[in-house]
1. When you check Pro123 against the structure, is it closer than 24 Å to Ala194 by Cα, loosely packed, with under 15 Cβ neighbours inside 10 Å, modelled with pLDDT of 80 or more and of a type outside the set (Phe, Trp, Tyr), yes or no?
2. From (1) modelled with pLDDT under 85; (2) more than 17 Å from Ser185 (Cα to Cα), pick out the condition that doesn't hold for Ser101.
3. Looking only at residues that are closer than 13 Å to Val226 by Cβ and of a type in the set (Gly, Ala, Ser) in the range 26-66, which one is modelled with the highest pLDDT?
4. For the range 150-160, check the following and say yes or no: at least one residue is within 28 Å of Gly40 (Cβ to Cβ), among the aliphatic types (A, V, I, L, M), surrounded by fewer than 24 Cβ atoms within 10 Å (Cβ to Cβ) and modelled with pLDDT of 90 or more.
Amino acid sequence: MKKLITFPLAIPFFILLLLLPLVLLAAVALLGLAAADVVGRTLGLSPIAALMIYIAMLAGGLINIPVYEFKSPGGTQPQMVPYLGARHHMPQWLSHRTVVSLNVGGCIIPAALSAYFVLGLPPMQLLATTIIVTLGVFYFARPVRSVGVMVPVLVPPLLAVGASLIALYIGGTGFSGLARLAFASGVFGTIIGADVLHLGSIRKAGSDFVSIGGAGIFDGIVLTGVIGTIIAAIITSL
């Protein structure tokens, strides 16, 4: 049961993310922009809906839903075995069950929101940016024993926003869909590149619990949406 409720990141950083909307509202006010106009133009959501989704992601980051488990190696333990009058150290392979869970705030809610954003996005641009984010995150991701997959926190959002900017510029469709494209490609690319493609490495690492969209991934997914929205708001306000 204790594995179902876990903090996806350090508590001080979690509190910082919790206070982030207040900081953003203050910044928007200083720029002389209306929050409703910024959020509506970049995400197609009302400020209340965007804030509720953000809070739901933060709260949902504490909750993991087990989906399946598999048998994985747990390491070795030396064992003394007599042979021809002498005792020899022989490795004894241990194994245990690895539980794979879906993080509510770092996987389920962002994936559902991304599916909503996808409806108004050019398919080829979405595919291209998702592939770029997937490959980039896969390269930087590192499975850590007993923790899961870890990715540098700024890699997913910067990859997603950068790839989305290039895709929209080449496509000539304007930057009105930047935040939605960055969010969707960032979420899908991070989940695939960090978690799905590293399941084999996780199996070898012998972790007893894996949270898809959880520890090491959650903050990158949240910041993908935040940074994408900020940059989109700046560009569309110029």
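The values are calculated or read from the model by the stated rules, or taken from the named source; none is laboratory data. Small disclaimer: the values here were computed from a predicted structure and weren't measured. Here the Cβ is made from the backbone with ideal geometry for all residues, glycine too, and neighbour counts use every protein chain on show.
1. yes
2. (1)
3. That would be Ala50.
4. Yes, there is a match, as at least one residue in the range 150-160 is within 28 Å of Gly40 (Cβ to Cβ), among the aliphatic types (A, V, I, L, M), surrounded by fewer than 24 Cβ atoms within 10 Å (Cβ to Cβ) and modelled with pLDDT of 90 or more.
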